[in-house]
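The values are calculated or read from the model by the stated rules, or taken from the named source; none is laboratory data. Bear in mind that the values here come from a model prediction, so they are computed numbers and not experimental data. FYI the Cβ positions are ideal-geometry reconstructions off the backbone, even for glycines, and counts take in every protein chain you see. Accessible surface areas use protein heavy atoms only, side chains included; no ligands, DNA or RNA. Shrake-Rupley method; radii C 1.70, N 1.55, O 1.52, S 1.80 Å.
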Amino acid sequence: MKTHILMVCLGNICRSPLAEGLLKSKLDAERFQVDSAGTGHWHVGSMPDSRSIAVAQKNGLDITDQRGMQFKPAFFDRYDHIFVMDNYNYEDVVAQATNDEDKAKVQLILDEIFPGERVDVPDPYNDSLRGFDRVYEMLDEATTKIAERLS
């Protein structure tokens, strides 16, 4: 049986697609399913932001097959681990949980690097390409730790 992992950000076009692509590249596809979603509905069905695609490609990852989807409460039944990019995403997702078991599945992704510090992955949407590079570096480190822990 596969372990199902979900990466969540606001729009599902910048941070969570990068996190999805990075973690997928580090885990065995036979044992793990990794997806991403946004708490907002604006980009449902859309490809990741062109800058996320460019940063991923520059680092040897292709995320162009991803399409945006919105987080739904039913995802608590589908996913074993839910990694959120920031504290706002955390609050939005946990608010949709119906029990403590669901809430326990939700974790800030940078808690992997900064345990208990509640550090956000900055949203690079209104930033330069350098902002996307910084986000990639943070997510690369965090997903390496996640992959090591889950493998």
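Could you look at region 12-151 and say what percent of its accessible area is carbon and sulfur, using a 1.4 Å probe and all protein chains? Exposed carbon and sulfur together represent 47 percent of the surface. Of the whole protein surface, H81 contributes about 50 Å² of accessible area at a 1.4 Å probe radius.
Mean residue ellipticity at 222 nm, helices only, the chain: -11500 deg cm²/dmol; runs of at least 4 DSSP H residues each add -39,500 (n - 2.57), and the sum is divided by the number of residues. Sites listed here are GluC sites (Glu not before Pro) in region 97-151 whose DSSP assignment is loop and whose Cβ has at most 14 other Cβ atoms within 10 Å: E117. Excluding ligands, DNA and RNA, the accessible surface per residue across the chain is 49 Å² with a 1.4 Å probe.
Of the residues C14, A142, P122, the one whose Cα sits farthest toward the positive end of the charge dipole of the chain, with +1 on the Cβ of Lys and Arg and -1 on the Cβ of Asp and Glu, is C14. Taking every C-alpha pair closer than 8 Å and separated by at least 6 residues, the mean separation divided by the residue count of region 28-151 gives a relative contact order of 21 percent. Put a plus charge on the Cβ of each Lys and Arg, a minus charge on the Cβ of each Asp and Glu, and nothing anywhere else: the dipole of region 1-117 about its Cα centre is then about 380 debye. Computed with a 1.4 Å probe on the full set of protein chains, the accessible area for L129 sits at about 80 Å².
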